[in-house]
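What follows is one structure encoded as structure tokens, with my remarks underneath.
The values are calculated or read from the model by the stated rules, or taken from the named source; none is laboratory data. Owing to the predicted nature of the structure, the values given are computational and were not obtained by experimental measurement. In this analysis, Cβ positions are derived from the backbone assuming ideal geometry, glycine residues included, and neighbour counts consider all displayed protein chains. Just the protein is used for accessible areas: all its heavy atoms, side chains included, with ligands, DNA and RNA removed. Shrake-Rupley method; radii C 1.70, N 1.55, O 1.52, S 1.80 Å.
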Amino acid sequence: MTQTVPDDTGLLEQAAARVDAAVAAANKLEPTAQTVATELKHAIEAFHKLALNTIVRRLKQDPHGKAILFELVEDPAVYALLLMHGIVRADPVTRARRVLDNARPYMQSHGGDAELVDVRDGVAYVRLHGSCNGCSLSAFTLRKHVEEALLREVPEMTRLEVVTDQATPAILRAEAQEMPAVEKGWVRGPAVTEVPPGQMVSITTERGSVLIVNFANRLSAYRNACAHQGRPLNDGILDPITGTLTCRWHGFCFDLQSGECLTAPQAQLEPFPLRVVDGIIWVRPQ
Ligand code: FES
């Protein structure tokens, strides 16, 4: 018997909006009432955190409980709650962006700036601007500041690579020695020019919908189905800076190059072979 998982997205949004509205209203209270409201909020949060920590600790002690916990973390409301209390951590890309945001005032006060271009295999690729660029002592100091903050706050990252201001496009995947044959399951897709960098298109095939994405001139094809609940991803949010695609339904975030889910590490998009022949994209859905 199959069981339908209830879609609580609307309820989650309503609950979040209710909290936001209450916080905004509390901020408008006169100072004494505002202090009381803030203390009440902090007291309730501390109480919840204490109880949640106990629940998570106990679940982790039991293999079955651990499995349930991993399942629960995939629920967006549970994930948001645990994230809010610091019991789970945001994905490395989100944390890396936060580190750069925090370092930005310092960099800008020295005439520099930095942006996250990509995160791959534990390496953060960062493009530097202004006084962060070059080989002066101040550029070296600013780079060191960014690197130390990144490696400290995002221990999954082992190295920072500086990308030059003039990005050089990567070569498109072009395994064109052998013509993709329809009888071998290849499906003709759009022209390369129809999928410019930072864009994605979905095509319908006999084996279902296929998503073709172009991140920094690297093309990839995936089944157009989120690894969470199989919803289509073609209306997701593609971030050309971090090379991630975020599902609109419950916010699962995927690395565009590997298909790896950054929200729930055990989840993964299903990749398909892709070729470019004479400017035309071919995919082979399984
Ligand atoms: S279907 Fe739930 S996050 Fe995509």
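Restricting to region 110-126, name every residue that is part of a loop (DSSP other than H, G, I, E, B), of a type outside the set (Gly, Ala, Ser) and closer than 16 Å to Leu151 by Cβ. Across region 110-126, the qualifying residue is only Asp121.
With respect to the conditions (1) at pLDDT below 90; (2) surrounded by 11 or more Cβ atoms within 10 Å (Cβ to Cβ), Thr4 falls short on a single one, namely (2). Annotation: Ser202 fulfils all but one of (1) closer than 23 Å to Arg127 by Cα; (2) more than 9 Å from the ligand (Cβ to nearest atom); (3) open to solvent by 30 Å² or more (accessible area, probe 1.4 Å); the unmet one is (1).
Applying the selection to region 150-172, what residues are open to solvent by 60 Å² or more (accessible area, probe 1.4 Å), at pLDDT below 50 and not β-branched (Val, Ile, Thr)? Answer for region 150-172, where residues must be open to solvent by 60 Å² or more (accessible area, probe 1.4 Å), at pLDDT below 50 and not β-branched (Val, Ile, Thr): Asp165, Gln166, Ala167, Pro169.
Are any residues in region 29-73 touching a helix residue (DSSP H, G or I) at 6+ places or on another chain (Cβ under 7 Å), surrounded by 14 or more Cβ atoms within 10 Å (Cβ to Cβ) and among the charged types (D, E, K, R), and if so, which ones? If the condition is that a residue be touching a helix residue (DSSP H, G or I) at 6+ places or on another chain (Cβ under 7 Å), surrounded by 14 or more Cβ atoms within 10 Å (Cβ to Cβ) and among the charged types (D, E, K, R), then no residue fits.
Of the set (1) away from the ligand (no atom under 16 Å from the Cβ); (2) within 28 Å of Val88 (Cβ to Cβ); (3) open to solvent by 20 Å² or more (accessible area, probe 1.4 Å); (4) not aromatic (Phe, Trp, Tyr), all apply to Gln268 but (1). Of note, Thr263 does not satisfy the criterion of being closer than 30 Å to Leu12 by Cβ, assigned to a loop (DSSP other than H, G, I, E, B), open to solvent by less than 40 Å² (accessible area, probe 1.4 Å) and away from the ligand (no atom under 15 Å from the Cβ). When Phe252 is tested against (1) out of contact with any Phe, Trp or Tyr (no Cβ under 7 Å at 6 or more places or on another chain); (2) within 16 Å of the ligand (Cβ to nearest atom); (3) open to solvent by 50 Å² or more (accessible area, probe 1.4 Å), only condition (3) is not met.
Yes or no, residue by residue, for (1) part of a strand (DSSP E or B); (2) at positive phi; (3) away from the ligand (no atom under 16 Å from the Cβ):
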position: Pro196; (1), (2), (3): no, no, yes
position: Leu211; (1), (2), (3): yes, no, no
position: Tyr222; (1), (2), (3): yes, no, no
position: Cys226; (1), (2), (3): no, no, no
position: Arg231; (1), (2), (3): no, no, no
position: Ile241; (1), (2), (3): no, no, yes
